[in-house]
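Undergrad: Here it is: the structure, laid out below.
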Amino acid sequence: MLQLPDRKFSAYIFDCDGTLVDSMPLHYVCWIESLRLNGATYAFTEEEFYHFAGVKEYDTVVVLNGLHKVDVDPDAVVRLKAEMFEKRIPEIQRVNPVADLALSTFGKLPMAVASGSEEPIVHACLKHTGLFHLFPHIITPINVERGKPAPDMFLLAAERMGVPPEECLVFEDGRSGLEAAKAAGMEAVFVPRTLR
């Protein structure tokens, strides 16, 4: 059950992966395989994967390279991971409590998506789960200079909806997204993995 703050908001902003759609386990499998095929010799644990939730994928590889003192090509990892993930999008289901809230809010409040995943992936996940039409504003790394935990995505979403940041409520499953919401001056609802 989602616990919403006890006050009215003028707009909702949703993360996509792990928040609207249950795609995180599939993302992890594709990450592991793409890293392996691109020559990464280190383990990328599930705990690390969830720690990086919401961070730009390119930036994640750069950080991992620094941690493990290797030089795996971030562009190649992101490209191959996206190809593998796109083939498996039909497996993805909604996170029903969050998706149901978005469906019931449609037409009543402005809503946007702000996701650290690449734009084609976000669009495909939302289309497959029948949620794409709910969101006239979809913010992805292509739209901003800095991804989460910087506030840029959420601030741009608020600007495009024409709503002050402090009147937006964010729905997030990742640490970096929660930090980004706080930096944007927005309240956030944490979406636990147990809601899947």
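Throughout, read-outs are computed from the coordinates displayed, never taken from laboratory work. Since this is a predicted model, take the numbers as computed values, not measurements. Ideal geometry is used to build each Cβ from the backbone, glycine not excepted, and the neighbour counts take in all protein chains shown.
Undergrad: From the P(r) of the stretch 24-89, can you give the percent of Cα pairs sitting at distances over 15 Å?
TA: Roughly 45 percent, rounded to a whole number.
Undergrad: In percent, how large is the relative contact order of the stretch 39-130, given Cα pairs closer than 8 Å and 6 or more residues apart?
TA: 35
Undergrad: Rg and Dmax of the chain, using alpha carbons, in Å: what are they?
TA: My reading of the Cα-based Rg and Dmax gives 16.2, 50 Å.
Undergrad: Dipole magnitude of the stretch 24-89 about its Cα centre, charges +1 at Lys/Arg Cβ and -1 at Asp/Glu Cβ only, in debye to the nearest 20?
TA: 120
Undergrad: Counting only C-alpha contacts under 8 Å and six or more residues apart, can you give the relative contact order of the stretch 33-85 as a whole percent?
TA: It comes to 50 percent, rounded to a whole number.
Undergrad: Helix-derived [θ] at 222 nm for the chain: sum -39500 (n - 2.57) over DSSP H runs of at least 4, divide by residue count, nearest 500?
TA: Result for the chain, helices only: -13000 deg cm²/dmol.
Undergrad: Further question on the same structure: Pairing the Cα long axis of helix 96-105 with the longest principal axis of the chain, what angle in degrees results, from 0 to 90 and rounded to the nearest 10?
TA: Taking Cα atoms only, the helix is inclined about 40 degrees.
Undergrad: First measure r as the distance between the Cβ atoms of Asp6 and Arg193, then evaluate 1/(1 + (r/R0)^6) with R0 = 30 Å and state the FRET efficiency to the nearest 0.05.
TA: That pair, Asp6 with Arg193, gives E of 0.75.
Undergrad: Restricting to Cα pairs below 8 Å that are 6+ residues apart, what does the relative contact order work out to for the chain? Please round to a whole percent.
TA: In percent, rounded to a whole number, it is 32.
Undergrad: Quick one: putting +1 on the C-beta of Lys and Arg, -1 on the C-beta of Asp and Glu, what dipole do you get for the chain around its Cα centre, in Debye to the nearest 20?
TA: 360
Undergrad: Can I ask one more? So, counting K/R as plus one and D/E as minus one, what does the shell of residues with Cβ under 13 Å around Val189 add up to?
TA: With Lys, Arg at +1 and Asp, Glu at -1, the neighbours total -3.
Undergrad: Right, another one. Straight-line reach from Lys182: which lysines have a Cα under 26 Å away, not including same-chain ones fewer than 8 places off?
TA: Lys8, Lys56, Lys108, Lys148
Undergrad: Which value in nm describes the separation of the simple spin-label points at His133 and Val62, placed 7 Å from the Cα toward the beta carbon?
TA: 3.9
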